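Report on the following structure.
The values are calculated or read from the model by the stated rules, or taken from the named source; none is laboratory data. Worth saying up front: this structure is predicted, and the values here are computed from it rather than measured. So basically every Cβ, Gly included, is an ideal-geometry build from the backbone, and we count neighbours across all protein chains shown. Heads up: the accessible areas ignore ligands, DNA and RNA and are worked out on the full protein's heavy atoms, side chains in. Shrake-Rupley method; radii C 1.70, N 1.55, O 1.52, S 1.80 Å.
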Amino acid sequence: MKITVFHEPWWLSAVSGGLVHESVVKRGNDVVGRLPYVFARKGPFRLLRMPAFTHVLGPVVDSGDGKPQTRLTRRLAITQQLIDQLPSTSELKFCLDPSLDDGLAKIDGLAFQDRKCSVAPQFTFEIDCRRSLDDLLAALDLKTRQHIRRAEKAYHVRSLDQPEVFIDFYLKNLTAFGRTSRIGFDNFPVLFSECRARECGIILSLFNENDEPIAMTFLVWGHGTMYYLLSTRSRHSHDSGAISLLLWSAIKRAHELGLFLDLDGIYSSGTARFLANFGGKLKARLVVRRSRMPYSALQYVKAQYSGNESNFFT
């Protein structure tokens, strides 16, 4: 069964504090489908969610052997059974990677749609970092290359092994921008420790000449893909070259490991224009959601009056 690093049992245990649940479908004694999830609560509402720090999660299905159409039909039936096992909540929400299972996972969107869920795209850029460094550098926009070269003279990049320093920097930056955290960091030190033990995660940090942090990102990888999972920058940094250098450092790290790099979500046209300069290909995920009244009405009203924080933090 094709999975992402986010489907790994150790990941799910770390990010949920061991409170992950699963729908399971078996054929005889063999598990042919599983769908992990966690519960969250907002006031009186009980929600079904992906765990924190888990940006892609959906059905894991053994579609078996045979012709593509046979496997597609089998995957559809198993996914529908997984959805039917989900408990009743005020809202459920998943972000799916339709490229899994040789692209057969696209049918998962139809399975959720058939079960009264809305299905919407979420866009990201993916860079094939298995190419040579010369090819990767040539794929960058000319001005972006220039910004990176200037930034390399002003800043230095190094890894950080202190998750509490990352958390403190992230939260201070949010406060400086007048925003509150949408993420609970209670399980982050455990997650970071588990990633380091398996050599599948790193915090890259950008510092100026005074050794002051300018920007940081948490990278995780597995099953052929690295994710630019969580990033933050100082409010006092107005140099786009600094962020470009941090992204280029992630590209080089993915190249060393022979991975694709997923830039992990585009939430505005401005972000898209910036990330397009790094030579990736546009890729669509599927966000599936099913909400009940009055929760959906409350969320609609909230969305009309809340700012978009995704321009600064992912």
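Summary of computed values
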quantity: Filter result (more than 15 Å from the chain's Cα centre (by Cα), over 18 Å from VAL5 (Cβ atoms) and of a type in the set (A, V, I, L, M, F, W, C)) within region 84-130; calculated: LEU86, LEU92, LEU104, ILE107, LEU110, ALA111, PHE112, CYS117, VAL119, ALA120
quantity: Output for region 110-148, where each listed residue is among the hydrophobic types (A, V, I, L, M, F, W, C), farther than 23 Å from TRP221 by Cα, part of a helix (DSSP H, G or I) and open to solvent by 20 Å² or more (accessible area, probe 1.4 Å); calculated: LEU110, ALA138, LEU142
quantity: Check on ARG233, on the phi < 0 side of the Ramachandran plot, among the basic types (Lys, Arg), modelled with pLDDT under 95 and surrounded by 16 or more Cβ atoms within 10 Å (Cβ to Cβ); calculated: yes
quantity: Residue under evaluation LYS2, criteria (1) surrounded by fewer than 19 Cβ atoms within 10 Å (Cβ to Cβ); (2) part of a strand (DSSP E or B), criterion not met; calculated: (2)
quantity: Those residues of region 257-281 which are assigned to a loop (DSSP other than H, G, I, E, B), open to solvent by 30 Å² or more (accessible area, probe 1.4 Å) and at pLDDT 95 or above, in sequence order; calculated: GLY258
quantity: Filter result (in a loop (DSSP other than H, G, I, E, B) and either in contact with a Lys or Arg (Cβ under 6 Å, 6 or more places away or on another chain) or open to solvent by less than 20 Å² (accessible area, probe 1.4 Å) (or both)) within region 98-109; calculated: PRO98, LEU100
quantity: Residue in region 11-20 that is surrounded by fewer than 16 Cβ atoms within 10 Å (Cβ to Cβ) and among the hydrophobic types (A, V, I, L, M, F, W, C) present; calculated: yes
quantity: Region 235-261 residues that are without any contact (Cβ under 8 Å) to a residue 60 or more places away in the chain, paired with ones that are buried (at least 21 other Cβ atoms within 10 Å of the Cβ) and among the polar types (S, T, N, Q) (beta carbon under 7 Å, 6 or more apart); calculated: ALA250/THR217
quantity: Extreme residue, farthest from PHE123 (Cα to Cα), among residues of region 38-96 that are among the basic types (Lys, Arg) and not in a helix (DSSP H, G or I); calculated: LYS67
quantity: Contacts under 8 angstrom Cβ, first residue in region 169-187 being farther than 13 Å from THR232 by Cα, partner among the polar types (S, T, N, Q), 6 or more apart; calculated: ASN187/SER16
